[in-house]
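Working notes, beginning with the structure itself.
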Amino acid sequence: MNSRLKQVRKELNYNQKDFADKLLLSQGTLAQIEKGARSVTNRTIKLLCTEFNVNEEWFRTGKGKMFNSPLSKIESIAKEFNLTKLELEIIENAANLKDYQQKIILDLIKSLQKNE
């Protein structure tokens, strides 16, 4: 994992200082990890995978791709707003409706809100 950490850093074109800052590490600690003198902690792994979209399986085992597939715009919104599966499904379906159908749904929602 130590060499894979360095590989990620280089792939993302970070110097040690900036990369260490993103991972809440000192530059010295990062250097020791990259040299194999220190182990990568689970906390650092989780932060690395979250912050840089690194595939955790690849990072731990070397199997698979270095990075996870980028999230779609809708998945990004769902993550940002902590949407439920149902809410995400509603948004996805609404986005695929024709304009006139979206207007009908929007008018229905507005009328339901007025009746509360």
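Some points to look at:
- If you go through region 30-52 and keep only what is touching a helix residue (DSSP H, G or I) at 6+ places or on another chain (Cβ under 7 Å) and farther than 24 Å from SER69 by Cα, you end up with LEU30, ALA31, ILE33, GLU34, GLY36, ARG38.
- So ASN55, is it out of contact with any Ser or Thr (no Cβ under 8 Å at 6 or more places or on another chain), among the polar types (S, T, N, Q) and loosely packed, with under 12 Cβ neighbours inside 10 Å: no
- Filter result for SER69 (farther than 20 Å from ASP18 by Cα and either in a loop (DSSP other than H, G, I, E, B) or of a type outside the set (Lys, Arg) (or both)): yes
- Residues of region 15-56 that are in a helix (DSSP H, G or I), without any contact (Cβ under 8 Å) to a residue 24 or more places away in the chain and touching a Lys or Arg at 6+ places or on another chain (Cβ under 6 Å): PHE19, GLN27, GLN32.
- ASN42 polar (S, T, N, Q), within 24 Å of GLU11 (Cβ to Cβ) and surrounded by 15 or more Cβ atoms within 10 Å (Cβ to Cβ): no
None of the figures in this text is laboratory data; all of them are computed from the coordinates on show. Keep in mind the model is a prediction, meaning the values are calculated, not measured. Glycine also receives a Cβ, built like all others from the backbone with ideal geometry; neighbour counts cover every protein chain displayed.
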